[in-house]
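The values are calculated or read from the model by the stated rules, or taken from the named source; none is laboratory data. Only a predicted model underlies this, so the values are computations on that prediction, with no experimental measurement involved. Positions of Cβ are backbone-derived with ideal geometry, glycine not excepted, and every protein chain shown enters the neighbour counts. For accessibility, only protein heavy atoms count, side chains too; no ligands or nucleic acids. Shrake-Rupley method; radii C 1.70, N 1.55, O 1.52, S 1.80 Å.
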Amino acid sequence: MAGDKYTVLLPTYNEKDNLPIIVWLLCKYFDESGYVYEIIVIDDGSPDGTLEVAKKLQDIYGEEKIVLRPRAKKLGLGTAYIHGIKHATGNFVFIMDADLSHHPKFIPDFIKKQKEGDFDVVSGTRYRGDGGVYGWDLKRKIISRGANYVTQILLRPGASDLTGSFRLYRKEVLQKLVESCVSKGYVFQMEMIIRARQFNYTIGEVPISFVDRVYGESKLGGAEIVGFVKGLLYLFATT
Ligand SMILES: Nc1nc2c(ncn2[C@@H]2O[C@H](COP(=O)(O)OP(=O)(O)OP(=O)(O)O)[C@@H](O)[C@H]2O)c(=O)[nH]1
Ligand SMILES: [Mg+2]
């Protein structure tokens, strides 16, 4: 549809090295394909000075393209999305990580897929077609595969990648999903897609390659995994 606008929500916590690259790539792929867009950076008081970097980027690309909606401290991803949506002026919203795990080159694929089936949600998938994972050790691959596999069996969600977080939503759909999700942490992305199915939203999928974060430390540890299993059982019991 002419008149579509895409808002990218970029939550950041200590991403000062990644942010300039992801913003540059986003602008490149959006500009090349001619779509109207804005990028909302939601920085949670990163001690590494991510916000200062974001301000410089805003000077370079302009205030219509780069919107800053920082918060004073680290309040988590779920609420970062809620906070970001409030300021989104697009009728479609992308959510993606700012750590270069999600490559902006897939943005046009998401948009094409959305238009193809008039989908409510388009989910990037590492587990279909040309999708894949790069740079993870065996342990992390097994955890991710395992989490997806067990969830497929328990919840039959109708999407192949449940824990991924590179997705395109209609704005009002994202709003409704984020408000109805109760979980925090690693399980949150899975709950989003489970609820999407519960509300009978249509879901399209696009194969993506996922690359382990380039700069910065990974936070996946035992506590995340325990949290995931708890969240999964909760969803199994309640949906
Ligand atoms: N605003 C905000 N952003 C966050 C918060 N936690 C993580 N992020 C950002 O959310 C995105 C995903 O977080 P990651 O830390 O990459 O999570 P992950 O991919 O599961 O784990 P890694 O292995 O560390 O990459 C990144 O862009 C982070 O900078 C938070 O509390 N607030
Ligand atoms: Mg990451």
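The table for this structure:
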read-out	value
Within the stretch 4-66: Cβ-based charge dipole about Cα centre, in debye rounded to nearest 20 (Lys, Arg +1; Asp, Glu -1)	80 debye
1.4 Å probe accessible area per residue over the chain, in Å²	46 Å²
Normalised contact order of the stretch 9-85, rounded percent, pairs of Cα under 8 Å and 6 or more residues apart	40 percent
Residue (of G62, P157, L100) at the positive-pole extreme of the chain, dipole from beta-carbon charges	P157
5 angstrom amide H check on A98, placed H, neighbours 5+ away	none
Accessible area of the stretch 5-238 belonging to carbon and sulfur atoms, whole % at 1.4 Å probe	56 percent
Rough spin-label spacing in nm, given labels placed 7 Å along Cα→Cβ, for N200 and D212	4.4 nm
Inter-label distance, nm, simple model (7 Å from Cα along the C-beta direction), D109/K184	3.3 nm
Euclidean distance between Cα centres, the stretch 80-126 to the stretch 142-214, Å	12 Å
Ordering of 84-97, 109-122 by packing [mean C-beta count within 10 Å, highest first]	84-97, 109-122
Positive dipole terminus of the stretch 87-239, leading residue within I193, V122, F210 (C-beta point charges)	I193
Positive dipole terminus of the chain, leading residue within W136, L25, G222 (C-beta point charges)	G222
Of the DSSP H helices in the chain, those whose Cα atoms cover at least 20 Å axially and whose Kyte score averages -1.0 or more	19-33, 138-155, 222-238
Computed [θ] at 222 nm, helices only, for the chain once each DSSP H run of length n ≥ 4 contributes -39500 (n - 2.57)	-14000 deg cm²/dmol
Cβ charges +1 (Lys, Arg) and -1 (Asp, Glu), total dipole of the stretch 27-169, debye	560 debye
Two-site label geometry, A72 and E52: point separation in nm, points 7 Å out along Cα→Cβ	2.1 nm
Computed over the stretch 5-238: relative contact order in percent, which uses C-alpha pairs under 8 Å that are six or more apart	24 percent
GluC sites (Glu not before Pro) within the stretch 160-239, DSSP loop, no more than 15 other Cβ atoms inside 10 Å	E217
Check: the chain dipole with +1 on Lys, Arg Cβ and -1 on Asp, Glu Cβ, in debye	660 debye
